[in-house]
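The values are calculated or read from the model by the stated rules, or taken from the named source; none is laboratory data. Predicted, not measured: the structure shown is a model, and the values here were computed from it. Cβ placement follows ideal geometry from the backbone for every residue including glycine, while neighbour counts extend to all protein chains displayed.
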Ligand code: MN
């Protein structure tokens, strides 16, 4: 039985136009995200086989493949919910106060996350995360789906910087795509994630 399943999109594929075309979103969800779900499930099966046979010669590769696919599944599941046709503007309340406290201002935070996303070398993500040990917000620049991550952080807002997320529409101009992402951010979803994360002990 499959452990992981592809979630339904919270809106139609064309709902984020013109910022992101329906063609991109359909491919991104039904092909790319689906491949990470399948990859995670397939790798779990291969790990079970390795345990059954007591043969762990391929374990290093399997563990890496599992981390890649599981992280891809998790991040895309968050990404769809982080965006909304009615998104944009900026947060208020405790999340806004925490951003001011940990980044100095919303503008400074936005510049850091924009730069982290646009500046990924190769494929990766820019992420606003909660770090529960220091009890602070951090921006992470993630490689692939799982590299350069501080252990224990909880992603709150994730920006996909892989070429599959924008190339059909924005070609090589990743910064223009990142700029448009800000107009789609569903701050009520980010705030809900922030509230859950901050109420949990490290
Ligand atoms: Mn993606």
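Taking the residues in region 11-33 that are more than 16 Å from the ligand (Cβ to nearest atom) and outside any helix (DSSP H, G or I) as candidates, determine which candidate is surrounded by the fewest Cβ atoms within 10 Å (Cβ to Cβ). By that ranking, first place goes to 18. Out of 172, 152, one residue alone is in a loop (DSSP other than H, G, I, E, B), on the phi > 0 side of the Ramachandran plot and surrounded by fewer than 18 Cβ atoms within 10 Å (Cβ to Cβ). It is 152. Only one entry in 104, 93, 72, 54 is more than 30 Å from residue 137 (Cβ to Cβ) and at pLDDT 95 or above, namely 54. Out of all the residues in region 90-103, is one or more over 19 Å from residue 35 (Cα atoms) and within 16 Å of the ligand (Cβ to nearest atom)? Checking region 90-103: not a single residue is over 19 Å from residue 35 (Cα atoms) and within 16 Å of the ligand (Cβ to nearest atom). Per this entry, residue 132 is counted among residues that are touching a strand residue (DSSP E or B) at 6+ places or on another chain (Cβ under 8 Å) and surrounded by fewer than 17 Cβ atoms within 10 Å (Cβ to Cβ). A single entry from 71, 84 fulfils the requirement of being away from the ligand (no atom under 16 Å from the Cβ) and surrounded by 18 or more Cβ atoms within 10 Å (Cβ to Cβ): 84.
At pLDDT 95 or above and in a helix (DSSP H, G or I): is that true of residue 80 in this structure?
yes
Among 191, 117, which is within 15 Å of the ligand (Cβ to nearest atom), under 27 Å from residue 86 (Cβ atoms) and either buried (at least 17 other Cβ atoms within 10 Å of the Cβ) or free of Cβ contacts under 8 Å to residues at least 40 places away in the same chain (or both)? Just one listed residue meets the conditions, 117. Comparison of 36, 4 shows that the only residue that is in a loop (DSSP other than H, G, I, E, B), modelled with pLDDT of 95 or more and within 20 Å of residue 65 (Cα to Cα) is 4. Of everything in region 43-62 that is touching a helix residue (DSSP H, G or I) at 6+ places or on another chain (Cβ under 8 Å) and assigned to a helix (DSSP H, G or I), the residue that is nearest to the ligand (Cβ to nearest atom) is 43.
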